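The structure under discussion appears below in the form of C-alpha coordinates.
The values are calculated or read from the model by the stated rules, or taken from the named source; none is laboratory data. Note that the structure is a prediction, hence the values are computed from the model and not measured. Here the Cβ is made from the backbone with ideal geometry for all residues, glycine too, and neighbour counts use every protein chain on show. SASA here: full protein model, heavy atoms, side chains in, ligands and nucleic acids out. Shrake-Rupley method; radii C 1.70, N 1.55, O 1.52, S 1.80 Å.
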Amino acid sequence: MRPAVRRALGLVLIGVVVAVTCTFLGRWQWHRHVVKDRLIAVVQANWAAAPVPLSTLAPPGAGLTPASEWRSVRAEGHYVPAATVLLRNRPVASHSAYHVLVPFVTRDGSVLVVDRGWVPIGSNGSTAPTPAAPPAGTTTLVGRVRMPEAASTRGAPAGQVQSIDVPQVLAAAGAAAPAGTAYPFYVAVSTEDPAPAQALGTLDPPDTDPGPHLSYAFQWWVFALGGFAACVWSARRELLEERQERAAAPARRVGDADDVAATSAPAAHDAGRDETAGPTTAPAEGSGAADEGRAAAGPSHKRPRRRPGRDELAEDALVDAQLGGGSPGRPPGRPEDAEPR
(Lines give C-alpha, C1' and ligand atoms only; values in the text may rest on other atoms or scores of the structure.)
Protein backbone atom coordinates (compact mmCIF):
# COMPACT_ATOMS: atom_id res chain seq x y z
CA MET A 1 0.00 0.00 0.00
CA ARG A 2 1.39 3.37 -1.00
CA PRO A 3 2.15 5.84 1.83
CA ALA A 4 -0.33 8.40 0.51
CA VAL A 5 -3.13 5.82 0.44
CA ARG A 6 -2.25 4.73 3.97
CA ARG A 7 -2.37 8.33 5.21
CA ALA A 8 -5.67 8.93 3.42
CA LEU A 9 -7.28 5.87 5.00
CA GLY A 10 -6.03 6.96 8.43
CA LEU A 11 -7.59 10.39 7.97
CA VAL A 12 -10.92 8.90 6.90
CA LEU A 13 -10.87 6.58 9.93
CA ILE A 14 -10.21 9.53 12.24
CA GLY A 15 -13.10 11.38 10.63
CA VAL A 16 -15.45 8.44 11.21
CA VAL A 17 -14.44 8.20 14.89
CA VAL A 18 -14.90 11.96 15.39
CA ALA A 19 -18.28 11.92 13.63
CA VAL A 20 -19.60 8.96 15.63
CA THR A 21 -18.40 10.39 18.95
CA CYS A 22 -19.87 13.83 18.30
CA THR A 23 -23.12 12.27 17.10
CA PHE A 24 -23.57 10.32 20.33
CA LEU A 25 -22.69 13.39 22.41
CA GLY A 26 -25.31 15.34 20.48
CA ARG A 27 -27.88 12.63 21.14
CA TRP A 28 -27.01 12.73 24.85
CA GLN A 29 -27.62 16.47 24.98
CA TRP A 30 -30.81 16.01 22.97
CA HIS A 31 -32.17 13.49 25.48
CA ARG A 32 -31.33 15.85 28.34
CA HIS A 33 -33.26 18.56 26.54
CA VAL A 34 -36.22 16.23 26.05
CA VAL A 35 -36.28 15.28 29.74
CA LYS A 36 -35.99 18.91 30.85
CA ASP A 37 -38.69 19.95 28.38
CA ARG A 38 -41.01 17.24 29.71
CA LEU A 39 -40.45 18.41 33.30
CA ILE A 40 -41.13 21.99 32.30
CA ALA A 41 -44.37 20.93 30.64
CA VAL A 42 -45.45 19.17 33.86
CA VAL A 43 -44.59 22.21 35.97
CA GLN A 44 -46.47 24.59 33.71
CA ALA A 45 -49.54 22.37 33.58
CA ASN A 46 -49.65 21.76 37.36
CA TRP A 47 -48.84 25.37 38.18
CA ALA A 48 -51.91 26.54 36.31
CA ALA A 49 -54.23 23.90 37.84
CA ALA A 50 -56.73 24.80 40.58
CA PRO A 51 -56.07 23.55 44.14
CA VAL A 52 -57.45 20.15 45.10
CA PRO A 53 -57.87 18.56 48.56
CA LEU A 54 -54.71 16.87 49.79
CA SER A 55 -56.53 13.59 50.46
CA THR A 56 -57.77 13.57 46.85
CA LEU A 57 -54.29 13.84 45.41
CA ALA A 58 -52.70 11.35 47.79
CA PRO A 59 -54.13 9.37 50.69
CA PRO A 60 -52.25 9.45 54.01
CA GLY A 61 -48.93 7.66 53.80
CA ALA A 62 -49.08 7.34 49.98
CA GLY A 63 -46.27 8.55 47.83
CA LEU A 64 -46.29 11.20 45.13
CA THR A 65 -45.74 10.57 41.44
CA PRO A 66 -43.44 12.92 39.50
CA ALA A 67 -46.39 13.86 37.27
CA SER A 68 -48.14 15.40 40.32
CA GLU A 69 -45.25 17.55 41.50
CA TRP A 70 -46.00 21.29 41.78
CA ARG A 71 -49.71 20.53 41.94
CA SER A 72 -51.60 22.93 44.21
CA VAL A 73 -53.36 21.29 47.22
CA ARG A 74 -55.51 22.49 50.10
CA ALA A 75 -55.37 21.11 53.65
CA GLU A 76 -56.92 21.97 57.00
CA GLY A 77 -55.35 21.38 60.40
CA HIS A 78 -52.89 23.06 62.73
CA TYR A 79 -49.17 23.71 62.96
CA VAL A 80 -46.87 22.40 65.67
CA PRO A 81 -44.53 25.39 66.26
CA ALA A 82 -42.47 23.55 68.89
CA ALA A 83 -41.33 21.09 66.21
CA THR A 84 -39.94 23.78 63.87
CA VAL A 85 -36.78 22.72 62.04
CA LEU A 86 -34.40 24.92 60.00
CA LEU A 87 -33.07 23.80 56.61
CA ARG A 88 -29.46 24.91 56.18
CA ASN A 89 -27.46 26.12 53.18
CA ARG A 90 -30.30 27.23 50.90
CA PRO A 91 -29.27 30.51 49.25
CA VAL A 92 -32.02 32.89 48.19
CA ALA A 93 -31.19 35.59 45.62
CA SER A 94 -27.47 34.86 46.14
CA HIS A 95 -27.80 35.35 49.92
CA SER A 96 -27.48 32.68 52.59
CA ALA A 97 -30.78 31.77 54.22
CA TYR A 98 -32.63 29.15 56.25
CA HIS A 99 -35.86 27.52 55.15
CA VAL A 100 -38.43 27.11 57.92
CA LEU A 101 -39.96 23.61 58.10
CA VAL A 102 -42.94 23.13 60.40
CA PRO A 103 -45.00 19.91 60.84
CA PHE A 104 -48.70 20.33 60.05
CA VAL A 105 -51.30 17.94 61.47
CA THR A 106 -54.35 17.51 59.24
CA ARG A 107 -57.89 16.85 60.47
CA ASP A 108 -57.45 13.09 59.99
CA GLY A 109 -54.30 13.09 62.15
CA SER A 110 -51.79 12.72 59.31
CA VAL A 111 -48.54 14.66 59.48
CA LEU A 112 -47.43 16.90 56.63
CA VAL A 113 -44.09 18.69 56.55
CA VAL A 114 -44.62 22.28 55.32
CA ASP A 115 -41.95 24.64 54.00
CA ARG A 116 -43.32 28.00 55.16
CA GLY A 117 -40.63 30.22 53.62
CA TRP A 118 -37.18 31.47 54.47
CA VAL A 119 -35.40 33.74 56.94
CA PRO A 120 -31.98 35.41 56.46
CA ILE A 121 -28.98 33.95 58.18
CA GLY A 122 -28.25 37.15 60.09
CA SER A 123 -25.00 38.83 60.98
CA ASN A 124 -23.80 35.95 63.14
CA GLY A 125 -23.80 32.74 61.16
CA SER A 126 -23.00 30.60 64.20
CA THR A 127 -26.33 31.43 65.88
CA ALA A 128 -29.55 30.17 64.30
CA PRO A 129 -32.25 32.82 63.81
CA THR A 130 -35.66 32.59 65.44
CA PRO A 131 -38.33 32.49 62.74
CA ALA A 132 -41.75 34.11 63.07
CA ALA A 133 -44.45 31.85 64.51
CA PRO A 134 -47.04 30.26 62.22
CA PRO A 135 -50.76 30.99 62.59
CA ALA A 136 -52.22 29.51 65.75
CA GLY A 137 -55.24 27.25 65.86
CA THR A 138 -57.01 25.72 62.90
CA THR A 139 -55.47 26.87 59.68
CA THR A 140 -56.29 26.32 56.04
CA LEU A 141 -53.19 26.28 53.92
CA VAL A 142 -52.73 26.12 50.16
CA GLY A 143 -49.41 24.94 48.85
CA ARG A 144 -47.65 22.98 46.13
CA VAL A 145 -46.57 19.41 46.65
CA ARG A 146 -42.89 18.64 46.20
CA MET A 147 -40.96 15.42 45.86
CA PRO A 148 -38.76 14.66 48.89
CA GLU A 149 -35.02 15.15 48.69
CA ALA A 150 -32.47 12.44 49.27
CA ALA A 151 -31.36 11.94 52.86
CA SER A 152 -28.16 13.84 53.64
CA THR A 153 -25.14 12.18 55.23
CA ARG A 154 -23.79 15.49 56.53
CA GLY A 155 -24.31 16.39 60.12
CA ALA A 156 -26.21 19.46 61.34
CA PRO A 157 -26.75 21.22 64.66
CA ALA A 158 -29.74 20.33 66.78
CA GLY A 159 -33.01 21.44 65.23
CA GLN A 160 -31.48 21.73 61.76
CA VAL A 161 -31.20 19.50 58.68
CA GLN A 162 -29.25 19.51 55.40
CA SER A 163 -32.05 18.22 53.13
CA ILE A 164 -35.84 17.93 53.13
CA ASP A 165 -36.09 14.25 53.87
CA VAL A 166 -39.29 13.71 55.89
CA PRO A 167 -37.87 11.15 58.36
CA GLN A 168 -34.80 13.34 58.99
CA VAL A 169 -36.96 16.43 59.52
CA LEU A 170 -39.20 14.70 62.06
CA ALA A 171 -36.15 13.21 63.77
CA ALA A 172 -34.57 16.68 64.04
CA ALA A 173 -37.81 17.95 65.67
CA GLY A 174 -37.17 15.57 68.52
CA ALA A 175 -39.80 14.89 71.16
CA ALA A 176 -41.95 17.75 69.87
CA ALA A 177 -42.60 15.94 66.60
CA PRO A 178 -46.27 14.99 66.30
CA ALA A 179 -47.32 11.36 66.17
CA GLY A 180 -49.24 10.08 63.22
CA THR A 181 -48.75 8.83 59.70
CA ALA A 182 -46.49 11.15 57.78
CA TYR A 183 -46.79 11.94 54.11
CA PRO A 184 -43.53 11.01 52.32
CA PHE A 185 -43.48 14.36 50.49
CA TYR A 186 -43.66 17.95 51.63
CA VAL A 187 -45.65 21.06 50.69
CA ALA A 188 -44.27 24.51 49.81
CA VAL A 189 -46.80 26.97 51.24
CA SER A 190 -48.52 29.52 49.02
CA THR A 191 -51.15 31.05 51.34
CA GLU A 192 -52.28 30.58 54.93
CA ASP A 193 -55.68 31.43 56.41
CA PRO A 194 -55.58 33.09 58.83
CA ALA A 195 -52.47 34.95 57.74
CA PRO A 196 -49.48 34.94 60.10
CA ALA A 197 -48.64 37.98 62.17
CA GLN A 198 -45.24 38.18 60.45
CA ALA A 199 -44.74 36.71 57.00
CA LEU A 200 -41.62 34.84 56.03
CA GLY A 201 -39.71 35.21 52.80
CA THR A 202 -41.64 34.01 49.76
CA LEU A 203 -40.35 30.85 48.10
CA ASP A 204 -39.10 31.13 44.54
CA PRO A 205 -41.19 29.71 41.68
CA PRO A 206 -39.81 26.70 39.81
CA ASP A 207 -37.16 27.16 37.18
CA THR A 208 -38.60 26.72 33.69
CA ASP A 209 -35.45 27.56 31.75
CA PRO A 210 -34.75 24.67 29.35
CA GLY A 211 -31.03 25.32 29.53
CA PRO A 212 -28.48 25.06 26.73
CA HIS A 213 -28.96 21.35 26.02
CA LEU A 214 -30.66 21.85 22.65
CA SER A 215 -28.00 24.23 21.38
CA TYR A 216 -25.28 21.88 22.67
CA ALA A 217 -26.86 19.03 20.72
CA PHE A 218 -26.78 20.98 17.46
CA GLN A 219 -23.22 22.09 18.15
CA TRP A 220 -22.08 18.48 18.59
CA TRP A 221 -23.80 17.49 15.34
CA VAL A 222 -22.15 20.38 13.50
CA PHE A 223 -18.80 19.24 14.91
CA ALA A 224 -19.54 15.71 13.67
CA LEU A 225 -20.27 16.89 10.13
CA GLY A 226 -17.42 19.39 10.03
CA GLY A 227 -14.85 16.98 11.46
CA PHE A 228 -15.76 14.22 9.02
CA ALA A 229 -15.75 16.64 6.05
CA ALA A 230 -12.35 18.06 7.06
CA CYS A 231 -10.79 14.59 7.34
CA VAL A 232 -12.22 13.50 3.97
CA TRP A 233 -10.93 16.69 2.35
CA SER A 234 -7.47 16.13 3.82
CA ALA A 235 -7.46 12.52 2.60
CA ARG A 236 -8.45 13.62 -0.92
CA ARG A 237 -5.68 16.21 -0.87
CA GLU A 238 -3.13 13.54 0.06
CA LEU A 239 -4.18 11.43 -2.94
CA LEU A 240 -4.20 14.39 -5.35
CA GLU A 241 -0.74 15.52 -4.27
CA GLU A 242 0.61 12.00 -4.72
CA ARG A 243 -0.98 11.79 -8.19
CA GLN A 244 0.59 15.09 -9.20
CA GLU A 245 3.99 13.97 -7.97
CA ARG A 246 3.74 10.69 -9.88
CA ALA A 247 2.70 12.54 -13.06
CA ALA A 248 5.61 14.98 -12.76
CA ALA A 249 8.21 12.27 -12.06
CA PRO A 250 8.85 11.17 -15.77
CA ALA A 251 9.30 14.76 -16.94
CA ARG A 252 11.67 15.42 -14.06
CA ARG A 253 13.70 12.31 -14.94
CA VAL A 254 13.95 13.41 -18.61
CA GLY A 255 15.10 16.87 -17.56
CA ASP A 256 17.74 15.40 -15.26
CA ALA A 257 19.01 13.17 -18.08
CA ASP A 258 19.28 16.15 -20.45
CA ASP A 259 21.25 18.08 -17.85
CA VAL A 260 23.63 15.16 -17.34
CA ALA A 261 24.12 14.76 -21.11
CA ALA A 262 24.75 18.48 -21.58
CA THR A 263 27.28 18.46 -18.78
CA SER A 264 29.20 15.38 -20.00
CA ALA A 265 29.26 16.28 -23.76
CA PRO A 266 32.21 18.78 -23.68
CA ALA A 267 34.31 16.45 -21.56
CA ALA A 268 33.67 13.52 -23.93
CA HIS A 269 34.47 15.67 -26.96
CA ASP A 270 37.81 16.77 -25.50
CA ALA A 271 38.67 13.19 -24.53
CA GLY A 272 37.86 11.93 -28.04
CA ARG A 273 39.92 14.61 -29.69
CA ASP A 274 42.91 13.74 -27.55
CA GLU A 275 42.60 10.03 -28.34
CA THR A 276 42.24 10.44 -32.15
CA ALA A 277 45.03 12.97 -32.50
CA GLY A 278 47.65 10.61 -31.12
CA PRO A 279 51.22 11.64 -30.25
CA THR A 280 52.62 14.58 -32.23
CA THR A 281 56.17 15.71 -32.86
CA ALA A 282 56.91 19.30 -32.16
CA PRO A 283 58.30 21.17 -35.19
CA ALA A 284 62.00 21.96 -35.19
CA GLU A 285 63.13 25.22 -33.80
CA GLY A 286 63.63 27.79 -36.46
CA SER A 287 61.52 26.04 -39.06
CA GLY A 288 58.60 27.71 -40.74
CA ALA A 289 56.14 25.32 -39.20
CA ALA A 290 57.35 26.23 -35.75
CA ASP A 291 57.08 29.91 -36.56
CA GLU A 292 53.60 29.46 -37.98
CA GLY A 293 52.63 27.43 -34.89
CA ARG A 294 53.90 30.10 -32.60
CA ALA A 295 52.08 32.78 -34.60
CA ALA A 296 48.81 30.81 -34.50
CA ALA A 297 49.19 30.09 -30.81
CA GLY A 298 49.47 33.79 -30.12
CA PRO A 299 51.82 35.50 -27.74
CA SER A 300 53.71 33.13 -25.49
CA HIS A 301 53.89 33.62 -21.80
CA LYS A 302 57.27 31.86 -21.58
CA ARG A 303 60.33 33.76 -20.52
CA PRO A 304 62.41 35.05 -23.60
CA ARG A 305 65.56 33.16 -24.39
CA ARG A 306 68.82 34.98 -23.83
CA ARG A 307 70.85 36.22 -26.83
CA PRO A 308 73.63 33.88 -27.92
CA GLY A 309 77.28 34.83 -27.13
CA ARG A 310 80.21 35.24 -29.54
CA ASP A 311 81.37 31.64 -29.23
CA GLU A 312 77.96 30.38 -30.09
CA LEU A 313 77.74 32.69 -33.13
CA ALA A 314 81.10 31.52 -34.34
CA GLU A 315 80.14 27.90 -34.00
CA ASP A 316 76.90 28.52 -35.91
CA ALA A 317 78.84 30.27 -38.71
CA LEU A 318 81.25 27.34 -39.00
CA VAL A 319 78.37 24.89 -39.30
CA ASP A 320 76.70 27.04 -41.94
CA ALA A 321 79.93 27.33 -43.91
CA GLN A 322 80.44 23.61 -43.94
CA LEU A 323 76.91 23.00 -45.07
CA GLY A 324 76.68 25.85 -47.60
CA GLY A 325 80.25 26.33 -48.63
CA GLY A 326 80.65 29.70 -47.05
CA SER A 327 83.73 31.15 -45.42
CA PRO A 328 84.29 29.95 -41.93
CA GLY A 329 85.84 33.24 -40.94
CA ARG A 330 82.69 35.28 -40.81
CA PRO A 331 79.12 34.57 -39.92
CA PRO A 332 76.66 34.59 -42.78
CA GLY A 333 73.95 37.05 -43.19
CA ARG A 334 75.95 40.19 -42.33
CA PRO A 335 76.00 42.59 -45.32
CA GLU A 336 78.79 44.77 -43.94
CA ASP A 337 81.15 41.75 -44.01
CA ALA A 338 80.37 40.70 -47.63
CA GLU A 339 83.22 41.06 -50.20
CA PRO A 340 82.70 43.30 -53.20
CA ARG A 341 82.22 41.57 -56.47
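One table, with the values for the structure above:
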item	result
Three-way shape call for the stretch 61-204 based on the alpha-carbon gyration tensor, with the a/c threshold at 1.5	rounded
Counted charge near C231, where neighbours are those whose Cβ lies closer than 15 Å (Asp, Glu -1; Lys, Arg +1)	+3
Inter-part distance where the stretch 78-123 and the stretch 130-172 are each reduced to a Cα centre, Å	5 Å
Cβ charges +1 (Lys, Arg) and -1 (Asp, Glu), total dipole of the stretch 29-137, debye	240 debye
Solvent-accessible area of T138 with every protein chain in place, 1.4 Å probe, in Å² to the nearest 10	90 Å²
Estimated translational D of the stretch 136-175 in µm²/s (Stokes, Kirkwood radius over Cα pairs; 25 °C; 0.890 mPa s)	205 µm²/s
Per residue convex hull volume, Cα atoms of the stretch 179-220, in Å³	144 Å³
Net charge contributed by nearby residues that have their C-beta within less than 13 Å of H213 (K/R +1, D/E -1)	+2
Rounded to whole Hz, the Karplus (6.51, -1.76, 1.60) HN-Hα couplings of the stretch 150-165, x for glycine and proline	5, 4, 8, 9, 7, x, 8, x, 4, x, 9, 9, 9, 8, 8, 9
Length released on extending from S215 to R2, taking residue separation times 0.36 nm less the Cα-Cα span	72.4 nm
Total formal charge among the other residues, if their Cβ is under 10 angstrom from that of W70, Lys/Arg +1 and Asp/Glu -1	+2
Accessible area of V232 in the full protein assembly, 1.4 Å probe (Å², nearest 10)	60 Å²
Dimensionless Rg over Rh [the stretch 121-237; C-alpha; Kirkwood]	1.27
Once the Cα gyration tensor of the stretch 1-134 is diagonalised, semi-axes √(5λ) in Å	53, 24, 12
